[in-house]
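The values are calculated or read from the model by the stated rules, or taken from the named source; none is laboratory data. This is a predicted model, so every value here is computed, not measured. Because the Cβ atoms are built from the backbone with ideal geometry, glycine has one as well, and the counts that use them run over all protein chains shown.
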Amino acid sequence: MAVAFGSYPAVGAAPVDKAKIDAALRGFIESRALVGVSALIYQNGHETYFGAFGQADREAGKPMTRDTRVQIYSMTKPIVGVALMSLYEAGKFQLDDPLAKYAPEFANLRIYAGMDPHGEVVYAPPLRPVTIRDLTRHTAGFYAGTDHTPVGEIYRAADPSNKNNTLAAEAKVLGSLPLLFQPGTRWLYGPSVDVQAFLVERLSGMSFDKYLEQKIFKPLGMKDTRYVLRTQDRARIAALYDRHEDGSLSRVPDETALEFNGRDWPMKPGSYGLVSTLDDYMRFARMLQNGGELDGARILKPETVRLMATDAMPAEVTDTSWLPTKGQVGFGIDFAVRIRPPANAQEASGAVGEFFWDGAADTLFWVDPKNNITAVLFTQYRPFGTVPLHKAFRDAVYSGVPEALAR
């Protein structure tokens, strides 16, 4: 029996309605909104749902199966957070320590402060140091360089996350670039989790990918989760599809879709990059549900998981970019944390206290301590969120939990 952590009793919710979940997922295949989709749910420590519909590879006629591998993109981030917090437990750092205490590469950060009349960039000093806590909640000020603003152009020219860079090389470049805002004043998705991965290397003395393998994957039995595809893995990897405005889906060529995972690049990023299976990721999620332990393997202490799953967004931070599209949430350590019930019928269902994250190809997982529900959802298409899959899945899962439904 799973033991819920936190203040909630381990009583669980009403059993999930398998027929409703089947209908929700199958509907996206029948309407051709998706090529393939699969899901796995544990409730009260037991598997209560598995379903796979459609195809992992439409062109090859391969069905979506339980052991289909997918690219999980940003669902890599929570795994990185767990790795970092295992070092926190070992006394290697405190969350409010300055980043530069352990990484002098970041000792001379500057803040972008606009442009002068001559078109030159103006910089300001930081009002306080970037802390490790800032890294874990995306309030550090690091920027992804995704637009054509002056800072975006600076980041793109420097290309810190180039696949030929190591994490150490990326950190050196990031330390030379301006922050977009004063630390702790905004929430903005960016390369902070790459810096977390770099810290894992710096503090542990191990390469980041080896640390994940030795400290998380092997203890949890996650045998199918890795950065680099082996030859025997390729037959099980799902194809990636682009969804167009007319609803059609075209396959992304494998040389593009698998450009990162198909080679052993120097870069092993914290922000994205892992491939996994439903069962592997569920083992990670169940470990979190169980307060840091699974089948005798303790990865974190219950109080550390509780800390990760607690909203850490400063009250003064009102600019949270697109985070409100996730619902009534704050942010903990590499997870969104639900702090209020859904506000209206347009929001996806969910329970207060759950923590979750998703990936660019529309994958999703969450851990719900109150109702003892742990769910993993896989599909492979982009751009993210153009199919209402997450809402339909969540609504079906929580159909018997009134407090998790929009009022």
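Here are the numbers for the structure shown:
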| read-out | value |
| --- | --- |
| Enumeration of residues in segment 293-311 that are in contact with a strand residue (DSSP E or B) (Cβ under 9 Å, 6 or more places away or on another chain) and either free of Cβ contacts under 8 Å to residues at least 40 places away in the same chain or of a type in the set (D, E) (or both) | T310, D311 |
| Pairs with Cβ under 9 Å, 6+ apart, first in segment 34-50 and on the phi > 0 side of the Ramachandran plot, second surrounded by 24 or more Cβ atoms within 10 Å (Cβ to Cβ) and part of a strand (DSSP E or B) | N44/I373 |
| Residue in segment 353-360 that is out of contact with any strand residue (DSSP E or B) (no Cβ under 8 Å at 6 or more places or on another chain) and in the same structural domain as Y398 (by TED's automatic domain parsing) present | no |
| Residues within segment 184-223 that are acidic (D, E), surrounded by fewer than 19 Cβ atoms within 10 Å (Cβ to Cβ) and either within 18 Å of N165 (Cβ to Cβ) or touching an Asp or Glu at 6+ places or on another chain (Cβ under 7 Å) (or both), tallied | 0 |
| Complete set of residues in segment 66-109 that are farther than 17 Å from D194 by Cα, polar (S, T, N, Q) and either touching a Pro at 6+ places or on another chain (Cβ under 6 Å) or surrounded by 16 or more Cβ atoms within 10 Å (Cβ to Cβ) (or both) | T68, Q71 |
| Residue match in segment 215-227 (condition: within 15 Å of G81 (Cα to Cα), modelled with pLDDT of 95 or more and of a type outside the set (F, W, Y)) | yes |
| Checking R230 against (1) of a type in the set (K, R); (2) modelled with pLDDT under 95; (3) touching a helix residue (DSSP H, G or I) at 6+ places or on another chain (Cβ under 7 Å), the condition it does not meet | (3) |
| The one condition in (1) touching a strand residue (DSSP E or B) at 6+ places or on another chain (Cβ under 7 Å); (2) without any contact (Cβ under 8 Å) to a residue 12 or more places away in the chain that M115 fails to fulfil | (2) |
| Condition broken by W187, with the remaining ones in (1) in contact with a strand residue (DSSP E or B) (Cβ under 8 Å, 6 or more places away or on another chain); (2) of a type outside the set (G, A, S); (3) at pLDDT 95 or above; (4) not in a loop (DSSP other than H, G, I, E, B) satisfied | (4) |
| Breaking point among (1) crowded, with 17+ Cβ neighbours inside 10 Å; (2) over 17 Å from R137 (Cα atoms), for W357 | (2) |
| Number of the exception - G247 against (1) assigned by TED's automatic domain parsing to the domain that holds T76; (2) out of contact with any strand residue (DSSP E or B) (no Cβ under 6 Å at 6 or more places or on another chain); (3) at negative phi; (4) modelled with pLDDT of 95 or more | (3) |
| Boolean, F355 is at negative phi, hydrophobic (A, V, I, L, M, F, W, C), in contact (Cβ under 8 Å) with a residue 24 or more places away in the chain and in contact with a Phe, Trp or Tyr (Cβ under 8 Å, 6 or more places away or on another chain) | yes |
| Conditions (1) of a type in the set (S, T, N, Q); (2) in contact (Cβ under 8 Å) with a residue 60 or more places away in the chain; (3) on the phi < 0 side of the Ramachandran plot; (4) assigned to a loop (DSSP other than H, G, I, E, B); number of the one not met by S321 | (3) |
| Residue list for segment 235-248, restricted to those being surrounded by fewer than 19 Cβ atoms within 10 Å (Cβ to Cβ) and of a type in the set (A, V, I, L, M) | A235 |
| Criterion violated by W187 - all others in (1) touching a Ser or Thr at 6+ places or on another chain (Cβ under 8 Å); (2) under 20 Å from Y102 (Cβ atoms) satisfied | (2) |
| Residue identified as at pLDDT 95 or above and not in a helix (DSSP H, G or I) among Y49, Y8 | Y49 |
| Single condition G119 does not satisfy, out of (1) part of a strand (DSSP E or B); (2) at positive phi | (1) |
| Residue in segment 298-342 that is surrounded by the most Cβ atoms within 10 Å (Cβ to Cβ), counting only those that are out of contact with any helix residue (DSSP H, G or I) (no Cβ under 7 Å at 6 or more places or on another chain) and basic (K, R) | R338 |
| Conditions (1) buried (at least 24 other Cβ atoms within 10 Å of the Cβ); (2) touching a residue at least 60 places away in the same chain (Cβ under 8 Å); (3) out of contact with any helix residue (DSSP H, G or I) (no Cβ under 6 Å at 6 or more places or on another chain): number failed by A345 | (1) |
